[in-house]
Amino acid sequence: MSGFVRFVDRLNLWVGHSFAWTILILTFAVSYEVFVRYALRAPTSWSYDISYMMYGALFLMAGAYTLSRNGHVRGDFLYRLWPPRVQAAVDFVLYIFFLLPGCAALFYSGWSFAAQSWRYGEVSIFSPAGLPIYPMKTLIPIAGLLLVLQGLAEMARCVECMRTGQWPRRLHDVEELETAVLHHVEHETRAGGEPR
């Protein structure tokens, strides 16, 4: 089971890092649009389409990556006080009844939207550039599938935690500064020193 969890984590790590580059495309497109619109008085016909497509792609494809890093927002004022086994049991039930059905619906509905968009060769109606949007609609079922896979991996983590009483380690990736500082303080406190 841990081989499956590692595979899914690595897959979503790769997808998350790959789609993070859409931020640069989005930033360039908006910056270029602002420059040519106000400095040269020659707005583009494609900037709006690129901006919502890149943001949508990032939003869709970052969901499974964020889940793999345990980074989604959680109302954890009670959750963090529970022992790991209780946390795992609650998470397991929530994954079964909420995450998996929602992601399966995203995949199923997204498949229909994408197939219809490909059949029509759908283009954007929001600007005269008429950029094709069927590749972006294809990301909807892909995001649903990745979320289902990551949900199954998270359920395997829950089973492991319920069995051992400790959460299995996750792949190390970028860490927020606040989390890094808390880890540093914990490490110093365990070592017997006073936290600085």
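The values are calculated or read from the model by the stated rules, or taken from the named source; none is laboratory data. As the structure is a prediction and not an experimental result, all values here were calculated from the model. Using ideal geometry, Cβ is built from the backbone for each residue, glycine included, and neighbour counts are taken over all protein chains shown.
Given the options LEU145, LEU152, LEU106, name the one that is closer than 20 Å to ALA20 by Cβ, part of a helix (DSSP H, G or I) and in contact (Cβ under 8 Å) with a residue 12 or more places away in the chain. Exactly one residue qualifies, and that residue is LEU145. Mind checking whether some residue in segment 92-99 is exposed (fewer than 15 other Cβ atoms within 10 Å of the Cβ), closer than 27 Å to THR138 by Cβ, touching a residue at least 24 places away in the same chain (Cβ under 8 Å) and among the aromatic types (Phe, Trp, Tyr)? For segment 92-99, residues exposed (fewer than 15 other Cβ atoms within 10 Å of the Cβ), closer than 27 Å to THR138 by Cβ, touching a residue at least 24 places away in the same chain (Cβ under 8 Å) and among the aromatic types (Phe, Trp, Tyr): absent.
Scanning segment 89-145 for residues being under 19 Å from TYR65 (Cα atoms) and among the aromatic types (Phe, Trp, Tyr) gives a total of 4. Among the residues of segment 73-87, just one is under 17 Å from ARG169 (Cα atoms) and part of a loop (DSSP other than H, G, I, E, B), namely PRO83.
So is ALA114 among the small types (Gly, Ala, Ser), surrounded by 17 or more Cβ atoms within 10 Å (Cβ to Cβ) and assigned to a helix (DSSP H, G or I) or not? I'd like the intermediate steps shown before the answer.
On the way: among the small types (Gly, Ala, Ser): yes; surrounded by 17 or more Cβ atoms within 10 Å (Cβ to Cβ): yes; assigned to a helix (DSSP H, G or I): yes.
When the stated conditions are applied, ALA114 passes them.
Tally the residues that are of a type in the set (Val, Ile, Thr) and either under 25 Å from the mean Cα position of the chain (by Cα) or modelled with pLDDT of 95 or more (or both), restricting the search to segment 93-135. Number satisfying all stated conditions: 3.
For segment 43-72, give me each residue that is outside any loop (DSSP other than H, G, I, E, B), among the aromatic types (Phe, Trp, Tyr) and more than 15 Å from the chain's Cα centre (by Cα). Passing the criteria: TYR48, TYR52. Within the bounds of segment 125-144, is there any residue that is out of contact with any helix residue (DSSP H, G or I) (no Cβ under 6 Å at 6 or more places or on another chain), buried (at least 17 other Cβ atoms within 10 Å of the Cβ) and farther than 30 Å from PRO43 by Cα? For segment 125-144, residues out of contact with any helix residue (DSSP H, G or I) (no Cβ under 6 Å at 6 or more places or on another chain), buried (at least 17 other Cβ atoms within 10 Å of the Cβ) and farther than 30 Å from PRO43 by Cα: present.
Scanning segment 147-180 for residues that are exposed (fewer than 12 other Cβ atoms within 10 Å of the Cβ) and either under 11 Å from ASP9 (Cα atoms) or modelled with pLDDT of 90 or more (or both) yields ARG163, GLY165, GLN166, HIS172.
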